[in-house]
Amino acid sequence: MRTKINRWPAAALAAAVCLFFLLTPGGETSGAGHEHAHGATEGEWATVFGIIGRAAAKGAVMALLGIAVFRAFIWPDMNGDETTERIVRRLEKAAAVVVLYVLMFSDQESAWTLSKMVVAVLTVLVAWDTIPIPRISRSAKLLCPLALIPLIHADGGGGISTSADLLALLAETLHTYSMAIWFGGGLALFCALSQAASEIRTELPFARFMTWSAAAWWGFATTDAGGVLLLWNTRENGAATWILIELLLSVLIALIVRIGYRNWNRDRETKGAYQPFRFKQNLRLSLSLTVVVLLVSALFSRSVPLEGALREPLYWHVMGIDAHMSLRVSPSKGASGQLVRLDIWLPSGMGKPASAEVSLGREERRMTVPLSFKEGGPDPYGFEGFDKYTYEAEGSYIDANGVWKLEVAVVDEAGKSYAYEKEEVLP
């Protein structure tokens, strides 16, 4: 009874922390000036942590789904192996906590945040076995990650407004479902092998695991192959190349596991005994390669590209002698377009710029962003001796991957012009 009672405080604490972050207002804080002083560096680190966060969230959800499938269909009762059961439960709890905390510290202004966080809290509660009815608990452990995976992918393109967006979401979801069966199921089987005694273990479900993982691999490979063909057809060769690398890694993973299973099966037939530890070595190598695949998939999209190709905020800051400029382009909340924000710092007392213009170009196309003046004047958190003026616009501007040319032109009240130009590669 004491063990069951102790589960509730842990789950309740996670839920309370989650609600705290949900209720904390987003947006800029009093350190806005500091953001502009170090914006370029912070933007680079934000991109790195964003990639790691996506890979961690995706891997943890995949682990949860794969373990649920393993326990429900591959090795339902684990033959009463209490040690293996205990390790798998710990793995489930750790994965649930990782999902919760990664989602708490990322994408707080997303249109899907509330839905993701509610399901993540339920996932933690279920992982801590707070549901007393075993059958309902097992079903919930399967349903929660099934719901989380499309919610996580729905954030990638800034909205689902067209049939192409929906098709991309379905392809991403199928891809992750397939990979989850292998990844999470492989982790659970690795736990079982780690606890296997030296004696014969005829109950280890190698054959059943191979059947499920083979089916999962075909789903994984099909979506990757479709993504490669589509991206090459649309001349997005960079993204297609990385997805092809991911596909080749998946082939290598399948070969490693297949060789390990064949050797194990041959030993069983020739020596009349099971040798699970040889299979364990192959499994460990293939799981390590799967982590590499996770990082690659976090870097680049696949399948049908979502409308609105900008998936991460684009930040550009230039320090000057007489003026400073900061341009931020980020996905709009709940829309398929972007929010463009231009900040200009001019010497104090000069007044707002006579004109400010932002243009975006790709290949032969060039468009001028219709900016609207939002606010301006002294900035207590900005640069000493400068006033800050902010312009914004919202719409669909960056709609494809590739090389984009960013141009900013500003003219102050004295007639002095400031021109900025940069090329940005969107993978």
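Assuming R0 = 30 Å, what is the FRET efficiency of residue 392 and residue 245, from their Cβ-Cβ distance, to the nearest 0.05? After rounding, the FRET efficiency stands at 0.20. Net charge of the neighbourhood of residue 360, taken over other residues with C-beta under 9 Å away and scored Lys/Arg +1, Asp/Glu -1, is +3. Packing, taken as the mean count of other beta carbons within 10 Å per residue, orders the peptides 373-385, 139-151, 208-220 from highest to lowest as 139-151, 208-220, 373-385. Rolling a 1.4 Å probe across all protein chains gives residue 118 an accessible area of roughly 70 Å².
In this label model, residue 421 and residue 407 are separated by 0.7 nm, measuring between points 7 Å along each Cα→Cβ vector. First select every other residue whose beta carbon is under 11 angstrom from the beta carbon of residue 371; then total the charges, Lys and Arg +1, Asp and Glu -1. Summing Lys and Arg as +1 and Asp and Glu as -1 gives -1. The packing ranking of peptides 56-64, 361-369, 344-352, highest mean first, is 56-64, 344-352, 361-369, where packing means the average number of other beta carbon atoms within 10 angstrom of each residue. Once you order the gyration tensor axes a ≥ b ≥ c over the Cα atoms, which shape class does segment 337-417 get: rounded for a/c under 1.5, otherwise prolate or oblate by comparing a/b with b/c? Prolate. For the listed residue pairs 352/374; 374/405; 352/405; 116/141; 58/141, the alpha carbons are over 22 angstrom apart in 374/405; 352/405.
The values are calculated or read from the model by the stated rules, or taken from the named source; none is laboratory data. Keep in mind it's a predicted model, so treat the numbers as computed, not measured. FYI the Cβ positions are ideal-geometry reconstructions off the backbone, even for glycines, and counts take in every protein chain you see. Please note that ligands, DNA and RNA were not included when accessible areas were found on the heavy atoms of the full protein model with its side chains. Shrake-Rupley method; radii C 1.70, N 1.55, O 1.52, S 1.80 Å.
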